[in-house]
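Worksheet: one structure, shown below.
The values are calculated or read from the model by the stated rules, or taken from the named source; none is laboratory data. Source: prediction; values computed, not measured. Methodologically, a virtual Cβ is constructed for each residue, glycine included, from the backbone with ideal geometry; neighbour enumeration extends over all protein chains shown.
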Amino acid sequence: GNTVRLLKINNFLYPPFSADVIEGVPDVEIREDDVIICAYPKAGTHWVWEIVRYLLAGKTSGVPLVEKDNCMIEWMPADRLKDLPSPRVLNTHLLFRQLPRQAKQTRCKIIYVNRNPKDLAVSCYHHHRKLSEFYNYEGTWDDFLPLFLNGQLDYGSWFDYVKDWERAVQDNSDMPIHVTSYEELKQSPVEEIVRLAQFLGARSALPARDFAARVEERCSFRSMKSRKGWFDMSNDGEPIMYRKGEVGDWKNWFSVVQNEAMDGYLKQYMSDSKTKFIYDLSQSST
Ligand code: A3P
């Protein structure tokens, strides 16, 4: 079809996952040493998740291969999450207020990842197209962009998501929440990884920058794509989670009219947002 198959629970849109897992999220047990990666789909969840795993391991070899999707709060049944060894690196596309209750009580570490909405929309389109059976989606890019702009996708409107998280970060300044972005990671990966390591209190035998450089190499697009796991094959055999891995690919997809439409939505919905989105790596804009 030309729309995406979704689940609606408590007025919020989810991918067509099991409703009982989603309904159980508030009661999921959280440990003090958990780290939760939070991002709208396609903002770089896998990338940051993998970086954090190596940072916590304090080494880049001999770290067991684990699937990000086995550590996803709204997808993995609670008893499967319980089986994961500490320190767990969990991940979710939920809003702050939808996180398990214990996430706030234990004050576990949270990493929130942003990405510019133009690249993100393009990435989302490919995600839904490649998972066409799961989402029952066969539309074109032109059909897809209005779904993105109007929040007719899993996890709802990107605009609402970003504004909600922005407010959550601001209102919970006593909580350990670290904010990073796809573009900053692309622009200065070693610096951003050092910042992440500092936030996590991650330790390694190597000097901070040397270790960060090794983690960067281990988590490069090429390197991660070569280790892709069970989840990463779509119907047509193309990898789903590793597509282009660039900043600015949106220019190959957006027509002038589509770009104006996106800018119009940004103006209308994000004018009070303090987040500066980076649309290409040679210049920054809002
Ligand atoms: P593109 O579709 O623009 O290539 P998520 O992990 O949140 O699903 O995000 C997926 C996006 O991150 C995809 O973007 C994917 O290619 C990109 N990505 C995955 N691993 C990456 C890496 N190691 N470095 C840079 N981008 C990566």
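Just one of Ile22, Ile36 is within 26 Å of Leu120 (Cα to Cα) and touching a residue at least 60 places away in the same chain (Cβ under 8 Å); which is it? Step through it out loud before you land on a result.
Details: Ile22 fails: touching a residue at least 60 places away in the same chain (Cβ under 8 Å).
Among Ile22, Ile36, only Ile36 is within 26 Å of Leu120 (Cα to Cα) and touching a residue at least 60 places away in the same chain (Cβ under 8 Å).
Within the range 187-223, which residues are surrounded by fewer than 18 Cβ atoms within 10 Å (Cβ to Cβ), out of contact with any Gly (no Cβ under 8 Å at 6 or more places or on another chain) and either assigned to a loop (DSSP other than H, G, I, E, B) or among the aromatic types (Phe, Trp, Tyr) (or both)?
Ser188, Gly201, Leu206, Pro207, Ser220
In the range 250-264, what count of residues is obtained for those that are buried (at least 17 other Cβ atoms within 10 Å of the Cβ) and not in a loop (DSSP other than H, G, I, E, B)?
So in the range 250-264, the residues buried (at least 17 other Cβ atoms within 10 Å of the Cβ) come out as 250, 253-254, 258, 262.
Retained after the next criterion (residues that are not in a loop (DSSP other than H, G, I, E, B)): 250, 258, 262.
So the count comes out to 3.
List every residue pair whose Cβ atoms lie under 6 Å apart, where the two residues are 6 or more positions apart in sequence or sit on different chains, the first residue falls within the range 217-229 and is more than 10 Å from the ligand (Cβ to nearest atom), and the second residue, located anywhere, is in a loop (DSSP other than H, G, I, E, B).
Gly229/Glu67
Check Ala39, Ala78, Ala57 and return the single one that is within 16 Å of the ligand (Cβ to nearest atom) and among the aliphatic types (A, V, I, L, M).
One residue alone meets the criteria, Ala39.
Would you kindly identify the helices (runs of 4 or more DSSP H) lying entirely within the range 36-144 that contain at least 2 residues that are over 27 Å from Trp250 (Cβ atoms) and of a type in the set (A, V, I, L, M)? Don't jump to the end; show me each part of the working.
On the way: elements: 45-57, 78-82, 101-106, 117-130, 132-135.
So the answer is 45-57, 78-82.
When you go through Ser86, Ser132 one by one, which is the residue that is out of contact with any helix residue (DSSP H, G or I) (no Cβ under 9 Å at 6 or more places or on another chain) and modelled with pLDDT of 95 or more? Spell out the reasoning first.
Numbers: Ser132 fails: modelled with pLDDT of 95 or more.
Of the residues listed, the single one that is out of contact with any helix residue (DSSP H, G or I) (no Cβ under 9 Å at 6 or more places or on another chain) and modelled with pLDDT of 95 or more is Ser86.
Cβ contacts < 6 Å: first residue on the phi > 0 side of the Ramachandran plot, restricted to the range 114-139; second residue assigned to a loop (DSSP other than H, G, I, E, B), any location; separation 6+ or different chain. Result?
Short answer, once both residue conditions are applied: Asn136/Gly1; Asn136/Arg5.
Just the residues that are within 14 Å of Ile37 (Cβ to Cβ) and away from the ligand (no atom under 14 Å from the Cβ), please, taken from the range 101-140. Walk me through it before giving the result.
First, pick out the residues of the range 101-140 that are within 14 Å of Ile37 (Cβ to Cβ): 103, 108-115.
The answer is Ala103, Cys108, Lys109, Ile110.
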